[in-house]
Amino acid sequence: MTYSINRIAAILNGHFTQFHHDDAIEHLLLDSRRLIFPDTSLFFALPGPRRDGHLFIEELYQRGVRNFLVYKEIQIDPFPDANIMLVADTLQSLQQLTAYHRQQFDIPIIGITGSNGKTIVKEWLNQLLEDNYNIVRSPKSYNSQIGVPLSVWQINDKHGLGIFEAGISQKNEMEKLEDIIHPTIGVFTNIGEAHNEGFENRQQKIAEKLQLFKRSEVLIYCKNHKEIDQAVLNFQKDFSPKTANKKLELFSWGKSSEATVKISSIKKNAEDTSVKADYNNNSFSFNIAYTDDAAIENIITCVCVLLYLGVPISELQNRLQRLTSIAMRLELKYGINHCSVINDSYSADMSSLKIALDFLSQQQQHPKHTVILSDILESGKTEKKLYHEMAGLLQQKKINRLIGIGERISANRDAFEKLKADEILFYPSTENFIHDFPRIHFRDETILIKGARMFQFEKIDRLLSQQVHQTVMEISLDAMAHNLKQYQQLLKPSTKLMAMVKAFAYGTGSYEIARLLQFHKVDYLAVAYVDEGVELRKAGIKMPIMVMNTEEHSLDALVQYNLEPVIYSFRLLDSIDNFFKKEGIREIPVHIEIETGMNRLGFSTKDISALIDKLKLSSFKLQSVFSHLAASEEHQQDEFTKHQAALFLDAAEKLQHSMNYVFLKHIANTAAIIRHPQLQLDMVRLGIGLYGIDTAMSNHLELKQVAVLKSTIAQIKELDENETVGYNRKGLATGKIRMATIRIGYADGYPRSLGSGAGKMWLNGHLVPTIGSICMDMTMVDITNVPDVHEGDDIIVFGNELSIQQLAEWAGTIAYEILTGISQRVKRIYYEGE
């Protein structure tokens, strides 16, 4: 559905500071990095804590965008062909426009809120109801003040049902989301601890979430949650819908005889769960292919939605058998023949395709990008328009190879004629592709696998994925981006940020992390050695890179790959200067390190005059001057930190006075960003904080765990009293015990100091201690008190439940050492999403 820019102006009561043409608008753009269709996009210049959307108008105009919504006057001369509309608040206008759009459609809309399970319930409802409706739904976890408008904007006249989720973090947010979604059917999943800090108490948080349903016809929820149940009853009592006089209908489930669907029994079996229930005086039962409490609860909620919508009880079991585990995130992993594989093989629609292609386009570790794509079903568009739009997406993202799988995409191959790809292949089915797989060459490329569930693309994923060690480290790119923003909000707008990605990005993978930081427009990267910087350049990282430890034999590579050396001694200064002068190279960017108390590397403050003399005669262009704080995280050392800062500022001032240009000055590290804001200067250096570790222990930031190290159980054994475990018989069974052998050892980076009970792992909600010595490849743990454990089960070494700081404390070391010590044979999986 399209709107003319004049119609949008009327809806928003906007004022044109310049009007050129009444363009048709089909896409709403908030992020310049996600531009795909410039001709039909309207850019909303949203304010931000560090970067204002107005800063990107010139770039977007150059890329073909001609429609802009702004909240402050801008110079119009550089944009002669643009429509520029002025409003008071661009975010409010985004929400107002999409709320208007929602009101144009009289279809059932399911609105889902709660602390957990929103996205799972949404995706499972999509699977369960796709036979009955052409469904529009939130992409991934688009449930915020910005995500909800973008989700609802997708509705068109071909859709018969909408499913949208809404998430809030503070008071007075849900009213805005309710106005946009206006759900006719409400679903409240549960209440948890997330975002507690935004509310006075849990009761207030529940009451705020319930505001999503103030115009709904029915509310579906679990009556077992007493806090929710009481709040819902109070909400119903006060309920006065704006468009009807009838009372809000409550459709509850639970053990209570007052529940709409009374659950009489839940029996967990080895691999599934049996549920017995009563509804409208009819007893029925169904099996669930899951045994965890969260999945059981989410599925029963879905069953209630189906019952409310009139799905016969006799069909429930057949539909529930279709449910598959939901991949909540985009995963990047290592593939065959030096490939990287992005697996998004559980759904195929245009919204999630755009998200997946964005993720693919950010990957620069390989020059070649391949997309394996299935038919898109029930898009609400004609096939001709759908596949032409798909071809446009692929062209915009500069895809090198397309492999289309399915009868419909194959039948519409003409839509891809203008796609400038090196190779385009079509197969009528997944089986045909697999049959042809040995003849297709995959090497040194990034491959996106994107398919509807029925195409079983997990078979393709298994063919392309490298089979490696079952111990893996999962790295959440979303969590890292969140942590970055947490620190950025503490900075002055003029303060730049350098991210430390040395030591394989603290063990998490350099180019994957650097790619994320480049995408989020960090100003500088820092690596330890030239070869680390070279690898980043080869992987497509273009931002400035500072090299902390430049070795003289690597100066050729330094120049070739445009890296910037740190100079910390006169010998190194002379060596680098002589090399550059010999090569006839002038104004090479360099960074000068000043020693102020760390006593590691750097020019002494006593030598600043001599350093100035050298620099004046050198071939260098001074990019920055910096120093290292020795103990910025410790309040007992604050006087010494101030002493270091005074020495540094004096030296930097002398250097600045001698130069005829301005350079950057920086001394603040991760802890100093929080504890010593007066030392922000021109730039700060952020390291371990990116990974969710607050070395200042300030509790001022809502940091998220970035890395989760997990392994699996290789074998379970029953031991009798006095049996011994491991090398040198260091482990002793003090009674009859149950023991599990875990696929991780000191060769993977699990310290030997964690043996004999010093260390613990997290298994099914329990801490389990180690037994005996840590072996090279295996570790034994006592699982005697943990029920329902099987060989092959996952076990957490560190993560959300067991912090890396706690593990480091048990090992008698620091989190830095644990992270950087995880060996390269441990598979890294990078993901976006929950």
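Taking all protein chains in place and a 1.4 Å probe, what share, in percent, of the accessible surface of the range 721-808 do carbon and sulfur account for?
The computed percentage sits at 47.
Along the charge dipole of the range 587-718, which of Ile667, Gln636, Ile588 sits closest to the positive end, that is, farthest toward it, with unit charges on the beta carbon of Lys, Arg, Asp and Glu (+1, +1, -1, -1)?
Value computed over the given set: Ile588.
Keeping all protein chains in place, calculate the accessible area per residue for the range 658-729 (probe 1.4 angstrom), answer in Å².
Ligands and nucleic acids excluded, the figure is 44 Å² per residue.
So which chymotrypsin sites (Phe, Trp or Tyr not before Pro) in the range 340-389 are both in a DSSP loop and have at most 13 other Cβ atoms within 10 Å of their Cβ?
Answer in residue order: no site qualifies.
Determine which lysines satisfy two conditions relative to Lys459: a Cα distance under 21 Å, and not lying fewer than 8 residues away in the same chain.
Straight-distance partners of Lys459: Lys333, Lys450, Lys827.
Please list, in order along the range 365-371, the HN-Hα scalar couplings obtained from phi with the Karplus expression 6.51 cos²θ - 1.76 cosθ + 1.60 (θ = phi - 60°), rounded to whole Hz, x for Gly and Pro.
6, 10, x, 10, 10, 10, 10
Could you size up the charge dipole of the chain around its Cα centre, putting +1 on the beta carbon of Lys and Arg and -1 on that of Asp and Glu, and report it in debye to the nearest 20?
400 debye
Please list, by residue number, every one of the trypsin sites (Lys or Arg not before Pro) in the range 552-606 that is coil in DSSP and has at most 13 other beta-carbon atoms within 10 Å.
The qualifying sites are Arg586, Arg600.
Give the separation of the Cα centroids, the range 284-310 to the range 416-471, in Å.
The range 284-310 and the range 416-471 have Cα centres separated by 34 Å.
With just the Cα atoms of the range 465-614, tell me how far they stretch along each of the three principal axes, in Å, largest first.
Over the range 465-614, Cα extents along the principal axes are 53, 37, 27 Å.
Quick check for me: using +1 on Lys/Arg Cβ and -1 on Asp/Glu Cβ, what's the dipole size of the range 298-369 about its Cα centre, in debye to the nearest 20?
120 debye
In the range 63-139, carbon and sulfur make up what percent of the accessible area (probe 1.4 Å)?
45 percent
Take the Cα atoms of the range 82-180, find their three principal axes, and give me the spread along each one in whole Å, biggest first.
Computed over the range 82-180, the largest-to-smallest principal extents equal 44, 33, 22 Å.
In the range 614-702, carbon and sulfur make up what percent of the accessible area (probe 1.4 Å)?
Carbon with sulfur: 51 percent of the solvent-accessible area.
Points 7 angstrom from Cα along the Cβ direction at Glu271 and Asp293: gap in nanometres?
According to this spin-label approximation, the distance is 2.6 nm.
If the viscosity is 1.306 mPa s and the temperature 10 °C, what translational diffusion coefficient in µm²/s does Stokes-Einstein give for the range 364-517 when Rh comes from Kirkwood over Cα pairs?
Result for D is 86 µm²/s.
Using square roots of five times the C-alpha gyration tensor eigenvalues, list the equivalent-ellipsoid semi-axes of the range 471-553 in whole Å, biggest first.
Over the Cα atoms of the range 471-553, the semi-axes work out to 21, 17, 11 Å.
On average, how much area does the Cα convex hull of the range 26-91 cover when viewed from any direction, in nm²?
Quarter of the Cα hull surface area: 4.2 nm².
What does the net charge come to around Ser265 if you take all other residues with beta carbon closer than 13 Å to its beta carbon, with K and R at +1 and D and E at -1?
Local charge sum for Ser265: +4.
Can you give the calculated 222 nm mean residue ellipticity of the chain, where each DSSP H run of n ≥ 4 adds -39,500 (n - 2.57) and the sum is split over every residue, rounded to the nearest 500 deg cm²/dmol?
After summing the helix terms and dividing by the residues of the chain, the value is -8500 deg cm²/dmol.
Run the Debye formula on the Cα coordinates of the range 254-361, all scatterers equal and no solvent, and tell me log10 I(q)/I(0) at q = 0.14, 0.18 1/Å.
Taken in order of the listed q values, log10 I(q)/I(0) reads -0.70, -0.91.
Would you please give the FRET efficiency between Glu653 and Asn578, computed as 1/(1 + (r/R0)^6) with r the Cβ-Cβ distance and R0 = 30 Å, to the nearest 0.05?
Using R0 = 30 Å, I get an efficiency of 0.55.
Could you tell me the calculated FRET efficiency between Lys158 and Asp638, based on Cβ-Cβ distance and R0 = 45 angstrom, to the nearest 0.05?
Calculated transfer efficiency: 0.10.
Which value in nm describes the separation of the simple spin-label points at Asp238 and Gln103, placed 7 Å from the Cα toward the beta carbon?
Here the modelled spin labels are 2.5 nm apart.
Would you mind giving the three semi-axes, in whole Å and largest first, of the ellipsoid equivalent to the range 617-755 according to its Cα gyration tensor?
Each semi-axis is √(5λ); the values are 51, 17, 15 Å.
Counting other Cβ atoms within 10 Å, keep those with at most 15, restrict to DSSP loop, and tell me which chymotrypsin sites (Phe, Trp or Tyr not before Pro) in the range 595-698 are left.
Tyr661
Where both partners of a DSSP beta bridge lie in the range 333-457, what percent of those bridges are antiparallel, to the nearest 5?
10 percent
7 Å from Cα along Cα→Cβ at both Glu58 and Lys616: what's the point-to-point distance in nm?
Going from the Glu58 label point to the Lys616 one covers 3.6 nm.
Where does each of Asp39, Asp375, Asp81 land when they are ordered by accessible area, with a 1.4 Å probe and the largest first?
Largest accessible area first, the list is Asp39, Asp81, Asp375.
Run the 1.4 Å probe and let me know the accessible area of Trp124, rounded to the nearest 10 Å².
Only protein atoms counted, so the area is about 10 Å².
Kirkwood Rh, Cα Rg: Rg to Rh for the range 529-654?
1.01
Order of 349-355, 495-501, 784-790 by packing, highest average Cβ count within 10 Å first?
495-501, 349-355, 784-790
Provide the per residue accessible area, probe 1.4 Å, for the range 64-127, rounded to a whole number of square angstrom.
Heavy-atom accessible area per residue stands at 34 Å².
To make sure I understand the rule: partners must be lysines, Cα under 23 Å from the Cα of Lys736, and not fewer than 8 residues away in the same chain. Which ones qualify?
Within the straight-line cut-off, Lys736 pairs with Lys717, Lys760.
Report, ordered by chain and residue number, the lysines lying within cross-link reach of Lys268, taken as a straight Cα distance under 21 Å and ignoring same-chain residues fewer than 8 apart.
Candidates past the 8-residue exclusion: Lys223, Lys255, Lys276.
Taking only C-alpha pairs under 8 Å that are 6+ residues apart, what is the relative contact order of the chain in percent?
Result for the chain is 8 percent.
Can you divide the C-alpha Rg of the range 338-421 by 2.2 N^0.38 Å and report the result to two decimal places?
Here the Cα radius of gyration is 1.04 times the empirical estimate.
Can you give the Kirkwood hydrodynamic radius of the range 260-314 from its Cα pairs, in Å with one decimal?
Result for the range 260-314, one decimal place: 11.5 Å.
Could you tell me the center-to-center distance, by alpha carbons, between the range 764-834 and the range 572-599 in angstrom?
Distance between centres, Cα-based: 43 Å.
Based on alpha-carbon atoms only, what is the radius of gyration of the range 139-211 relative to the globular estimate 2.2 N^0.38 Å?
1.15
Quick one: Karplus J couplings for the range 268-282, per residue in order, coefficients 6.51, -1.76, 1.60, θ = phi - 60°, nearest Hz, x for Gly and Pro?
In residue order, the calculated couplings are 7, 9, 4, 10, 8, 10, 9, 10, 10, 8, 10, 8, 6, 6, 10 Hz.
How much accessible surface area, in Å² rounded to 10, belongs to the heavy atoms of Phe426 with a 1.4 Å probe?
40 Å²
Calculate, in nm to one decimal, what Gln715 and Met350 gain on full extension: separation in residues at 0.36 nm each, minus their alpha carbon distance.
Value of the extension gain: 127.0 nm.
Please compute the length gained on full extension between Glu809 and Lys459, using 0.36 nm multiplied by the number of residues separating them and subtracting their Cα-Cα distance.
Length gained between Glu809 and Lys459: 121.8 nm.
The values are calculated or read from the model by the stated rules, or taken from the named source; none is laboratory data. Bear in mind that the values here come from a model prediction, so they are computed numbers and not experimental data. Cβ: placed from backbone, ideal geometry, glycine included. Neighbour counts: every protein chain shown. With ligands, DNA and RNA removed, areas are computed over all heavy atoms of the protein, side chains included. Shrake-Rupley method; radii C 1.70, N 1.55, O 1.52, S 1.80 Å.
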